[in-house]
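One structure is given here, and the rest of the page talks about it.
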Amino acid sequence: MTDQQVFRLPQRTSIHDLQVYREDVPIPSSNEVLIKIKNVALNYRDFAVATGKYPFPVKNDVVPVSDLSGKVVSVGTGVDDFAEGDTVIASFDLKTLYGAIRDWHHSLGGCYDGVLRQYIALPASAVVKVPAETQLSFAQLSALVCTGTTAWNALYGNNPLKPGQTVLLLGNSEVSHERHAMC
C-alpha cells in the first residue's frame, strides 16, 4: 500500500473539472488515524465547491467532499481509542467538535483536503468510532455527518433561531412535531 487514487479540483468551475491523480497513502502522525474510505456522501456543498459557488474559503487544488465512512487501517503511536478494523466516521470540521463553528478554515473539502480518495489520515479527535453492533451500511454512516451538520446549521448557523420562531421537525414519514425556539 504505497499509493492511492485521489480526486482533485485543479479549477472550480464545473463538476467536470475533477481530475484523478496517484498520490502516496499518508502515514498517520502520532495523534492521527489512517482510514480506508469505504463510502462518501455527496451533498449540495460539494457541488457548490466544485462550481466555485461555495461562500467560504476553499484551498487551491482541493480534494473535495467532507463526509466519509471507513475502516481504521493503522493508528499513530499516541492514539489509544482506536484500533485496526474499527468502523469510523469523521467530523466535517476538524477543529469544531461541538458548539458553534468558530470559522470556516478547518473543514474537509474546503480549507483541508477532503475525502474523495481511498485513504486519509485524520486527527483521532475528529474521528468517531461506530459501535460494532450497528446495522447501518457504510453509505448510511457516511450520510450521518451531513445530516447532523445540516440540522445544527438550520437551527444555529448563519441565521440562528430567535425567541418566538417556530420550527417544524420531521422524524420520519409518519411523525412530525412542532417546536418553539426557546433561546
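Here the range 38-183 is treated with +1 on each Lys and Arg Cβ and -1 on each Asp and Glu Cβ, and its dipole about the Cα centre works out to around 400 debye. Note on residue 155 and residue 167: their simple-model spin labels are 0.4 nm apart, each label 7 Å out from Cα toward Cβ.
With helices as the sole contributors, the chain gives -4500 deg cm²/dmol at 222 nm; each DSSP H run of n ≥ 4 counts as -39500 (n - 2.57), and the sum is divided by every residue. Rolling a 1.4 Å probe over the heavy atoms of the protein chains gives the range 43-183 an accessible area of 57 Å² per residue. Each of 34, 68, 121 was scored by the projection of its Cα onto the charge dipole of the chain, and the greatest displacement toward the positive side belongs to 68; charges sit on the C-beta of Lys, Arg, Asp and Glu. Figure note: 44, 54, 98, 156 ranked by solvent-accessible area, largest first, 1.4 Å probe, ligands and nucleic acids not counted: 98, 44, 156, 54. Applying 0.36 nm per residue to the separation of residue 2 and residue 136 and subtracting their alpha-carbon distance, the gain on full extension is 45.2 nm.
About its Cα centre, what dipole magnitude does the range 76-121 give when the only charges are +1 on Lys and Arg Cβ and -1 on Asp and Glu Cβ, stated in debye to the nearest 20?
So the magnitude is around 240 debye.
Taking the full set of protein chains and a 1.4 angstrom probe, give the accessible area of residue 56 in square angstrom, rounded to the nearest 10. Probe radius 1.4 Å; accessible area of residue 56 about 50 Å².
Taking every C-alpha pair closer than 8 Å and separated by at least 6 residues, the mean separation divided by the residue count of the chain gives a relative contact order of 23 percent. Between the listed residues 132, 167, 97, the Cα displaced farthest toward the positive end of the dipole of the chain, a dipole computed from Cβ unit charges relative to the Cα centre, is found at 167. Under a plain spin-label model, where a point goes 7 Å from the Cα along Cα-to-Cβ, how far apart in nm are residue 97 and residue 11? The two pseudo-label positions are separated by 4.1 nm. Counting only residues at least eight positions apart within a chain, or on another chain, the aspartates and glutamates with an alpha carbon under 16 Å from that of residue 36 are 3, 23, 24, 67, 84, 86, 113.
Peptides 29-40, 13-24 ranked from most to least packed, by the mean per-residue count of other Cβ atoms within 10 Å: 29-40, 13-24. Per-residue surface analysis assigns residue 42 an accessible area of about 130 Å², computed on protein heavy atoms at 1.4 Å probe radius. Amide H contacts under 5 Å for residue 62: 9, restricted to partners 5 or more places along the chain or on a different chain, H placed in the peptide plane at 1.01 Å from N. With q set to 0.09, 0.14, 0.20 Å⁻¹, the log10 of I(q)/I(0) for the chain, from the Debye formula over equal scatterers at the Cα positions, is -0.36, -0.83, -1.40.
Where does the charge balance sit around residue 15 when Lys and Arg score +1, Asp and Glu -1, over other residues with C-beta under 14 Å from its C-beta?
Charge balance near residue 15 sits at +2.
Distance between the modelled labels on residue 21 and residue 36, one decimal in nanometres: 2.4 nm (7 Å Cα→Cβ projection). For residue 67, the residues 5 or more places off, or on other chains, whose built amide H falls under 5 Å of its own are 41. If I fit a long axis through the Cα atoms of helix 138-156 and take the longest principal axis of the Cα atoms of the chain, what angle between them do I get, 0 to 90°, rounded to 10? That helix lies at roughly 40 degrees to the long axis.
The values are calculated or read from the model by the stated rules, or taken from the named source; none is laboratory data. Predicted model only: the values in this text are computed from it and were never measured. In this analysis, Cβ positions are derived from the backbone assuming ideal geometry, glycine residues included, and neighbour counts consider all displayed protein chains. Areas reflect the complete protein model, heavy atoms only, side chains present, ligands, DNA and RNA absent. Shrake-Rupley method; radii C 1.70, N 1.55, O 1.52, S 1.80 Å.
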